[in-house]
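Okay, structure first, notes after.
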Amino acid sequence: MSILIKRSPFNYFVLSRKVSDPFNIGSIKNALLLLGEKNLCLSKPKQLAVAIFFSRMVKVPEVKEVDYSINDKTLVIFAYIEEPNWEAEEKIYECFGLILDLFPNLDIDLKVLELYGRNVEDLKLNKF
Amino acid sequence: MPSLGKSSHGYDDHLKKAKHDEAASEMLCDNGNFPDWSIISSFYFALHCIDTYAHKLGVKTFAPVLDERTSAHSKRKRFVRKNLGRLFVSYGKLYSRSEQCRYDPKYFQLIPQDLPKKMLDEARKFLTIC
């Protein structure tokens with residue numbers, strides 16, 4: 001599986017190595033504590049939300065890449081899958097739902113996009 | 001709970017629009033030549049079912065008020081998460097695909113033949129809340 005994070009305000013790979021169970025929020029909190037993060041109310045919650053999403057998607061092999069964009073208003077997370085896969089999509093949206101619960105004041109959007117053999121870069125040309 | 005705002009339409013209007021979109025999606029599904037527009041119609045079918053349900057709970061609109069920084073789509077998504085948890089995944093599937101149908105110019109040629117019907121079935125789950 002390859003997940004590429006194009007822009008990294010947070011050390012996602014360090015985080016993902018420290019998370020023993022990416023589907024357990026307690027495990028994510030412990031990893032953040034090990035990395036020196038005191039709690040989930042960080043000064044950059046959008047980056048933290050991306051970190052949590054990434055740390056969980058590492059365990060979903062159908063997710064080929066995760067990317068995001070942040071403007072002053074909205075965090076948009078992109079998850080790229082090859083084709084429709086109900087089981088994988090269930091995991092992706094469950095994770096997104098958890099992030100919505102964790103960050104009730106953030107304007108966060110998730111787009112799960114299908115590649116069908118195309119490169120992620122091709123899809124990024126579209127204005128999602 | 002999303003803030004209340006002025007609304008010139010109500011429960012019946014959203015229900016009528018939901019059924020209109022369901023019929024459009026079904027017609028396009030049967031036709032087979034416009035899988036993208038079938039999926040888009042299914043998404044709006046579900047969306048108006050949600051707005052119907054929101055009216056039942058006294059939420060008149062998801063439109064941002066004044067300088068609110070959260071978009072209507074985000075507010076609706078949070079509403080689904082909070083009040084309709086069992087349908088959150090279905091809404092996500094419909095939302096993302098309807099975006100890809102509209103903005104990805106190659107997607108309509110790649111959509112598997114059975115996907116529009118599956119998405120219509122997902123949208124029909126929202127009828128239970130109307």
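Details
- Taken along the Cα-to-beta-carbon direction at a fixed 7 Å, the label points for A:Ile70 and B:Val65 span 2.9 nm.
- When you count the other C-beta atoms within 10 angstrom of each residue and take the mean per peptide, B:19-26, A:62-69 line up highest first as A:62-69, B:19-26.
- Volume of the Cα convex hull of chain B, divided per residue and given in Å³: 103
- Fraction of accessible area attributable to carbon and sulfur, chain B (%, probe 1.4 Å): 54
- In this structure, the pairs whose alpha-carbon distance is over 25 Å, taken from A:Lys46/A:Lys91; A:Lys127/B:Lys17; A:Lys73/A:Lys127; A:Lys59/B:Lys93; A:Lys64/B:Lys19; A:Lys73/B:Lys118, are A:Lys127/B:Lys17; A:Lys64/B:Lys19; A:Lys73/B:Lys118.
- Across chain B, the mean sequence separation of Cα contacts (distance under 8 Å, 6 or more residues apart), normalised by length, yields a relative contact order of 36 percent.
- Taking only the C-alpha atoms of the range B:65-130, the Rg (one decimal) and the largest Cα-Cα distance, Dmax (whole number), read 14.1, 44 Å.
- Accessible surface computed residue by residue for the range B:11-129, with neighbouring protein chains in place and a 1.4 Å probe, gives 46 Å² per residue.
- Of the residues in the range A:49-75, those shielded by at least 20 Å² of accessible area once partner protein chains are present, compared with the chain alone at a 1.4 Å probe, are A:Asp72, A:Lys73.
- When both the range B:30-61 and the range A:70-87 are represented by their alpha-carbon centers, they are found 21 Å apart.
The values are calculated or read from the model by the stated rules, or taken from the named source; none is laboratory data. If you're wondering where the values come from, they're calculated on a predicted model, not measured in any experiment. Ideal geometry is used to build each Cβ from the backbone, glycine not excepted, and the neighbour counts take in all protein chains shown. The area values use the complete protein model at the heavy-atom level, side chains included, leaving out ligands, DNA and RNA. Shrake-Rupley method; radii C 1.70, N 1.55, O 1.52, S 1.80 Å.
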